[in-house]
1. Between a first residue in segment 266-277 that is assigned by TED's automatic domain parsing to the domain that holds residue 234 and a second residue that is assigned to a loop (DSSP other than H, G, I, E, B) and among the basic types (Lys, Arg), which pairs have beta carbons less than 9 Å apart while being 6 or more apart in sequence or on different chains?
2. Is it fair to say residue 355 is within 27 Å of the chain's Cα centre (by Cα) and either at pLDDT below 90 or within 21 Å of residue 230 (Cα to Cα) (or both)?
3. Give just the number: which of (1) farther than 16 Å from residue 290 by Cβ; (2) among the aliphatic types (A, V, I, L, M); (3) more than 23 Å from the chain's Cα centre (by Cα); (4) part of a loop (DSSP other than H, G, I, E, B) does residue 185 not satisfy?
4. Give the number of residues within segment 27-85 that are under 21 Å from the mean Cα position of the chain (by Cα) and among the charged types (D, E, K, R).
5. Specify which of the listed residues (242, 238, 312, 267) is under 29 Å from residue 58 (Cβ atoms), touching a Leu at 6+ places or on another chain (Cβ under 8 Å) and among the hydrophobic types (A, V, I, L, M, F, W, C).
6. Would you check if residue 304 is surrounded by fewer than 20 Cβ atoms within 10 Å (Cβ to Cβ), in contact with a strand residue (DSSP E or B) (Cβ under 8 Å, 6 or more places away or on another chain), touching a residue at least 12 places away in the same chain (Cβ under 8 Å) and more than 21 Å from residue 215 (Cα to Cα)?
Amino acid sequence: LLFCMFAGALIDSLWHTRDFVRSLADKAVRRRLYLLELGVAATLLNPYGLDLLLYTLWFANNENLKDVLEWRPLTILGVGGREFALSWVVLLVVLRHSRQRVRAADVLLLGLFTLAAITGVRMMSWYAMSFVYVIVPHLTDLWNRFVPARWREWEVPLELDEAPQEQFGMRRGRTFNYTLIGLLLVWIVFALSPIGRPVVGDEPRQPQLLYDNDTPHELTAYLRENPTPAGLTFCPQWWGDWLVWDGPEGLRPFMTTNLHLAPRQVWRDYQAVSAGVSGWTNALDRYNTKAMIVDKDKQATLARSARRSSAWEIVHEDEMALVLVRREPTVATASESAADAAEPTEPSDDAAADPAAAESSN
């Protein structure tokens with residue numbers, strides 16, 4: 001973002017001066033260059049230094065990430081596709097009627113983040129920020145030209161000479177009133193926010209009001225009272241981080257949202273088990289998995305198979321999750337394992353596009 005602003009200012013200056021040295025000496029260009037340098041320097045203040053910047057460039061090529069929705073290319077009928085197309089229609093209409101100059105930085109910002117959004121859904125938030133930054137000056141121009149002046153009387157500041165003067169010498173006008181209104185709005189937002197409620201003497205909000213409705217509070221409450229056996233615990237990767245954060249100490253989730261750190265074969269086995277394909281019990285056997293947590297909504301096939309399996313025992317069930325632990329081996333479970341001895345098949349296209357795996361939490 002800062003690089004686009006610097007490069008755009010440099011291009012605009014070059015267009016007028018035709019002199020690279022004079023363009024670099026331009027105050028606007030140098031200010032943006034300093035901001036860019038400060039931004040890069042700030043990112044280097046981390047334990048890994050420059051390696052962290054380099055890592056952000058190549059880790060996106062991890063094969064595991066291609067199976068997650070937010071890392072897939074944008075499609076018109078997919079998540080964010082319609083909004084993306086509509087934003088460009090609005091932008092073209094606004095630019096067609098606006099008299100505001102289109103700066104080089106605007107072109108670079110829209111071009112770069114449009115390309116980024118097309119290649120990965122996760123970049124839609126960055127595209128949205130750049131879109132607002134570019135279009136607001138043009139909307140202001142259209143507002144000033146087409147909205148009747150009588151509707152914009154509140155925009156006209158009170159002249160300094162006409163402003164009533166207070167006894168302490170402070171001149172009061174509309175600008176001061178806007179400041180008071182702004183401070184009042186800031187205080188209201190702070191007082192109603194979760195962090196502000198204890199400050200004003202109110203009771204902190206309950207966890208159910210702080211987190212999304214899909215957060216498994218009841219599950220982690222049970223696990224804190226009844227920890228799973230020592231060893232790996234299979235769980236939905238979109239719950240893995242929450243289980244580590246809110247669950248019992250020492251819990252070892254099979255997968256978390258940091259799936260780019262997992263070997264490719266481990267990720268494929270996770271997908272096979274999550275989709276409930278044939279041989280899922282053998283996959284868990286290979287990793288010596290001691291317990292299993294299933295999302296009843298997003299892993300319905302696995303939940304049905306787990307209920308029928310004699311190798312696993314349900315120890316907890318709530319509206320969202322199943323918790324199962326491995327039974328002690330018996331003749332029945334041994335015969336079941338022999339009947340299910342086939343290796344996990346490759347997930348089908350639908351399984352590979354597991355909608356649950358696509359909803360990684362942040």
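1. Correct list of pairs: 274/298.
2. Working: within 27 Å of the chain's Cα centre (by Cα): yes; either at pLDDT below 90 or within 21 Å of residue 230 (Cα to Cα) (or both): yes.
In short, yes.
3. So residue 185 meets the others, but not (4).
4. 7
5. Working: 242 fails: touching a Leu at 6+ places or on another chain (Cβ under 8 Å); 238 fails: touching a Leu at 6+ places or on another chain (Cβ under 8 Å); 312 fails: under 29 Å from residue 58 (Cβ atoms).
It is 267.
6. Values: surrounded by fewer than 20 Cβ atoms within 10 Å (Cβ to Cβ): yes; in contact with a strand residue (DSSP E or B) (Cβ under 8 Å, 6 or more places away or on another chain): no; touching a residue at least 12 places away in the same chain (Cβ under 8 Å): yes; more than 21 Å from residue 215 (Cα to Cα): yes.
Here the answer is no, as residue 304 does not meet what is asked.
The values are calculated or read from the model by the stated rules, or taken from the named source; none is laboratory data. Small disclaimer: the values here were computed from a predicted structure and weren't measured. Note that we place each Cβ from the backbone using ideal geometry, even for glycine, and neighbour counts take in every protein chain shown.
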